[in-house]
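To start, the structure itself, in structure tokens.
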Amino acid sequence: MRLAVLTGEHYITGDEACAEGALAAGCTFFGGYPITPATEIAEHMSKCLPEIGGTFIQMEDEIAAMASILGASWAGVKSMTSTSGPGFSLMMENIGLAVCTETPCVVVNVQRGGPSTGLPTMGAQGDMMQARWGSHGHYEIIALAASSAQEMFSQTITAFNLAEKYRTPVILLADEVIGHMSEKVIIPEASEIKTVSRPKPQGEKEGFRPFQPGENGVAPMPSAGDGYKIHVTGLTHDERGYPVMTVEAQAQMVERIVKKIQNNRDDIIKTESYSLDDAEIILVSYGISARTSLAAMNQARALGMKVGFLKLLTIWPFAEEKVRALATKARAFITVEINYGQIHLEVMRSVAGKAECHLVGHAGGTVITPEQVLERIKELY
Amino acid sequence: MAADIQASQSEIVHPLDHLIRTDRIPHIWCPGCGIGTVFSACLKAMISSRIDLEKTCMVSGIGCTGRAAGYLNLDSFHTTHGRAIPFATGLKLANPELNVIVFSGDGDLFAIGGNHFIHGARRNVDMTVICVNNFIYGMTGGQVGATTPVKAKTTTTPVGNPDAPFNLPLLAWASGANYVARWTMLHIRKLTACIEKALTRKGFSFIEVLAPCPTNYGRKNKENSLETLRLYRDKTIIKNNVDPSELDMDFEKGIILGEFVSRERPTCIENYDRTCRIP
Ligand SMILES: Cc1ncc(C[n+]2csc(CCOP(=O)(O)OP(=O)(O)O)c2C)c(N)n1
Ligand code: SF4
């Protein structure tokens, strides 16, 4: 029998590291559907989960996969799915159900070129806004990015911890290059890995309100079979979970699930800063393009140009306070991403005219090279 | 005397009240609608089957029938349109101790959710699926569905339905369900007995229940509730164990009711444990 947490140094792909991160976080249910370039996550989970007493199921499509992980979450376990563009589109309605019913779960999107079937085997970062707004209605979502196999491991754990802490779906946005690339991954001992589990209710079961927020604005979450007689619905509901079709109930519920994320931005948003103190030009990037950006920054610095780099580990909610503060010091921002400007729009919004905003991006299928970024830096410098 | 009667009446508690969220009554169902009768048959069967109710949950999709989960005073889930079965699959596989009941409409389970139904039955996930078949989309105001009889009028087939409906028991049998039955809401005792049986059996159990939707199907097809119930009495034949291919929905020929499939294929969890888990 394998231990839930593999420890030590391993040379594995980003997808495998993601699966190992999920196991280390305590995930015991995976519902999935094969799709390049995310399939290896499902394959790895199908091998490991039965060995640790968990369950893997390949569902009939991504709609079912997403529904199954919500059911599993309400049965009390940590659950996840993984997919890419076309499957991510199919999951959207039930991601909304997860938001509305405050169901913790993790959805990994290993991005490929789109729209439609696009470039199945080639990377892109075109689903950033879909992750933010892909399900209908107004809501907040947590989405993370990973720029190495090591981060696929650690960010998957973070995704589970945030999902459990805030009772919300968390999306991990990877890309084909990170998913398929093999790299050294160092996995610590299980005792060194911090894991979080959802708050559980205590005390009186009769009359318990499963949507009445406790600390942090998050309500303790019972599981099916615990005796709380909960009702869970995707209709607008009150704190008992009962449907209430009024303007007031809508305002109350939506405001609460939006605020539960917004009020905890400081806890959720993580970035890494590289040479920002004296930077005149700041690169903003994430995922595989973060590596491009770091290399470009180092090359620019070697040429004596004051360039810094802000790496986004959390995509949503967007690190707007951080970018806004930097905009008072820097002259220009360059967002580096494999699309025609998605996070770029967020940077522009946050900078609010205080600095120039530029984009180095393309439609997908390959990475952006450091030279392409350096060229733009030189033009601006 | 009159005062006495009044006093004792106020203390009368319906024997199913403890299974109902009475604070959510009145329910949304129209006068003459058949869903409530099927729901109460289900509640009775839950009691008579003696399953552990604390470990029992109901999952519904979307529709008038899908509102049932919201009235049950047990763990209950009102999910998305068509997705009750995959949600229920996750619940059951993640906690095999749970008794899982899916209660939903024909459009939900067989039009938008048809793919999930056949795969749930194929895997033989241990759950009881009760489909209230009113031949139409009730909640959205009476559009054609995958179960609407040929020539029936709906708001989207104003001159009559050109397409053939599914034979649901045949589909369930062919997909692998362990237990398959069909009743109408008029056959309440037999229906309750079959639900009771389904709840205590292993594997995927499916019960189709015909029930009137006077508001939409009835009005469009000039058939009031009482006339629908007469059809249920006069145009049905009880024949257990008939070949499922004979179960077409044809009121001219007569609709066959009964218990059609009762077999012991291993369940999804049994297969997984046996095949995928290293002892
Ligand atoms: C994805 C999606 N598409 C459409 C709808 C609209 N809708 C709500 S209920 C329903 C049909 C319900 O019909 P049925 O399952 O037969 O249940 P009934 O109301 O007759 O009990 C539809 C189409 C929806 N809620 N979600
Ligand atoms: S519309 Fe039809 S199915 Fe819906 S509650 Fe009314 S009678 Fe019942």
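The values are calculated or read from the model by the stated rules, or taken from the named source; none is laboratory data. These numbers were taken from a predicted model, which means no experiment stands behind them. Every residue, glycine among them, receives a Cβ derived from its backbone with ideal geometry; neighbour counts consider all protein chains shown.
Annotations for the structure displayed:
- Only one of the numbered conditions (1) in contact with a Ser or Thr (Cβ under 8 Å, 6 or more places away or on another chain); (2) buried (at least 24 other Cβ atoms within 10 Å of the Cβ) is violated by B:Leu72, and that is (1).
- Qualifying residue in the range A:45-54 (condition: facing chain B (nearest Cβ under 10 Å) and without any contact (Cβ under 8 Å) to a residue 12 or more places away in the chain): yes
- Scanning the range A:67-105 for residues being among the polar types (S, T, N, Q) and either out of contact with any helix residue (DSSP H, G or I) (no Cβ under 7 Å at 6 or more places or on another chain) or within 16 Å of ligand 2 (Cβ to nearest atom) (or both) gives a total of 4.
- Answer from A:Ser147, A:Ser135 - the residue that is free of Cβ contacts under 8 Å to residues at least 60 places away in the same chain, crowded, with 19+ Cβ neighbours inside 10 Å and in a loop (DSSP other than H, G, I, E, B): A:Ser135
- Filter pass, B:Ala111 being more than 9 Å from every other protein chain (Cβ to nearest Cβ), surrounded by fewer than 24 Cβ atoms within 10 Å (Cβ to Cβ) and within 25 Å of B:Tyr217 (Cβ to Cβ): yes
- Residues considered: A:Ser182, A:Ser154. Of these, the only one that is surrounded by fewer than 20 Cβ atoms within 10 Å (Cβ to Cβ) and outside the structural domain of A:Leu235 (by TED's automatic domain parsing) is A:Ser182.
- Taking the listed residues B:Gly114, B:Gly145, the one that is within 13 Å of ligand 2 (Cβ to nearest atom) and of a type outside the set (Asp, Glu) is B:Gly145, with no other qualifying.
- Pick from the range B:75-97, criterion surrounded by fewer than 24 Cβ atoms within 10 Å (Cβ to Cβ) and within 18 Å of A:Gly227 (Cα to Cα), ranking: farthest from the other protein chains (Cβ to nearest Cβ): B:Pro96
- Apart from one condition, A:Gly214 fits all of (1) of a type outside the set (S, T, N, Q); (2) surrounded by 19 or more Cβ atoms within 10 Å (Cβ to Cβ); (3) modelled with pLDDT under 95; the exception is (2).
- Within the range B:22-42, the residues that satisfy the criterion of being buried (at least 24 other Cβ atoms within 10 Å of the Cβ) and away from ligand 2 (no atom under 12 Å from the Cβ) are B:Ala41, B:Cys42.
- Against the conditions (1) within 16 Å of ligand 1 (Cβ to nearest atom); (2) in contact (Cβ under 8 Å) with a residue 40 or more places away in the chain, B:Ile256 satisfies every one except (1).
- Applying the criterion of being assigned to a loop (DSSP other than H, G, I, E, B) and in contact (Cβ under 8 Å) with a residue 24 or more places away in the chain to the residues of the range B:225-248, the residue that is farthest from B:Cys194 (Cα to Cα) is B:Asp248.
- Every test in (1) surrounded by fewer than 20 Cβ atoms within 10 Å (Cβ to Cβ); (2) at the interface with chain B (Cβ under 8 Å from one of its Cβ atoms) is passed by A:Lys229 save one, and that test is (1).
- Check on B:Asn167, away from ligand 2 (no atom under 16 Å from the Cβ), surrounded by fewer than 21 Cβ atoms within 10 Å (Cβ to Cβ) and away from every other protein chain (no Cβ under 14 Å): yes
- Residue ID - nearest to the chain's Cα centre (by Cα), chosen from residues in the range A:314-348 that are of a type in the set (A, V, I, L, M) and surrounded by fewer than 17 Cβ atoms within 10 Å (Cβ to Cβ): A:Leu345
- Any hit, the range B:198-218, residues being within 16 Å of ligand 1 (Cβ to nearest atom), at pLDDT below 95, touching a helix residue (DSSP H, G or I) at 6+ places or on another chain (Cβ under 9 Å) and not in a loop (DSSP other than H, G, I, E, B): no
- From the list A:Ile186, A:Ile193, A:Ile282, the lone residue that is in contact (Cβ under 8 Å) with a residue 12 or more places away in the chain and in contact with a Gly (Cβ under 6 Å, 6 or more places away or on another chain) is A:Ile282.
- Test: residue in the range B:15-25 that is closer than 24 Å to B:Ala88 by Cβ and away from every other protein chain (no Cβ under 14 Å): yes
- Scanning the range A:55-96 for residues that are within 16 Å of ligand 1 (Cβ to nearest atom), within 18 Å of the chain's Cα centre (by Cα), within 10 Å of chain B (Cβ to nearest Cβ) and crowded, with 24+ Cβ neighbours inside 10 Å yields A:Met66, A:Leu70, A:Asn94.
- A Cβ distance below 6 Å, combined with a sequence gap of six or more or placement on separate chains, defines the contacts here; from the range B:202-217, residues that are within 15 Å of B:Leu257 (Cβ to Cβ) reach residues that are of a type in the set (Phe, Trp, Tyr) in the pairs B:Val209/B:Trp183.
- Cβ pairs under 6 Å, 6+ apart, first in the range B:53-68 and within 11 Å of ligand 2 (Cβ to nearest atom), second part of a loop (DSSP other than H, G, I, E, B) and at pLDDT 95 or above: B:Gly63/B:Met139; B:Cys64/B:Gly138; B:Cys64/B:Met139; B:Arg67/B:Ile28
- Residue list for the range B:52-66, restricted to those being buried (at least 24 other Cβ atoms within 10 Å of the Cβ), at the interface with another protein chain (Cβ under 10 Å from one of its Cβ atoms) and in a helix (DSSP H, G or I): B:Gly66
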